[in-house]
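Data first, discussion second: the structure below is written as structure tokens.
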Amino acid sequence: MRINGFAAVALAAFALAAGGPARAEKPTRFWNLTSKTVSDLRLAPAGTGKFGENQCLNDKDKEVDHDERLNLAGVATGTYDAKVGYEDGRVCLAKNIAIEAGQIFSIEDKDLIDCNK
């Protein structure tokens, strides 16, 4: 049985789409919509208080300016609490943040609670 040129190209395209080279997964990213530069961002599964490493260390200048996005390492889909630290020493919490792997989530000033210095 002979396959015409169009059918062969269509089959090849389908094979690539279905099982071809794996697509690079998108990183999970934090979008800083607070009014200040974040110098420390730590995440914990909601309610546990077990905060992980400073995610800002993943950035080339080790901080996340207002309206900047930061690629996160080792964050799975789930609900998290965030500890947000600023250059002036102020630290705030943001609770029950829904994070989906490969997507962008943001924190705004209105999300911050329990701030201290």
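Where a number appears in this text, it was derived from the coordinates with a stated rule and is not lab data. Computed from a prediction, not measured in an experiment: that's the story for all the values here. Positions of Cβ are generated from backbone atoms using ideal geometry, with glycine treated the same way; all protein chains shown enter the neighbour counts.
If you filter the range 61-117 for chymotrypsin sites (Phe, Trp or Tyr not before Pro), then keep DSSP loop positions with at most 16 other Cβ within 10 Å, what is left?
Values: sites: TYR80, TYR86, PHE105; in loops: none.
Qualifying residues, ordered by number: none.
Using the basic label-point model (7 angstrom from Cα toward the beta carbon), what is the GLU53 to ALA101 distance in nanometres?
1.8
Express the relative contact order of the range 18-103 as a whole percentage, based on alpha carbon pairs under 8 Å and six or more residues apart in sequence.
On the way: 176 pairs, mean separation 30.1, N = 86.
For the range 18-103, the relative contact order is 35 percent.
Using a Förster distance of 30 angstrom, determine the FRET efficiency expected from the C-beta separation of ALA73 and ASN116, and round it to 0.05. Write down the numbers at each step before the final one.
Details: r = 27 Å, r/R0 = 0.89.
My answer for the efficiency is 0.65.
Sequence neighbours fewer than 8 away in the same chain don't count; with that in mind, list the lysines whose C-alpha is under 16 Å from LYS36.
LYS62, LYS83, LYS110, LYS117
Which of the GluC sites (Glu not before Pro) found in the range 68-117 are in a DSSP loop and have at most 11 neighbouring Cβ atoms, other than their own, within 10 Å? Walk me through the intermediate numbers first.
On the way: sites: GLU68, GLU87, GLU100, GLU108; in loops: GLU68, GLU87, GLU100.
In loop regions of the range 68-117 (DSSP not H, G, I, E or B), the sparsely surrounded GluC sites (Glu not before Pro) are GLU87.
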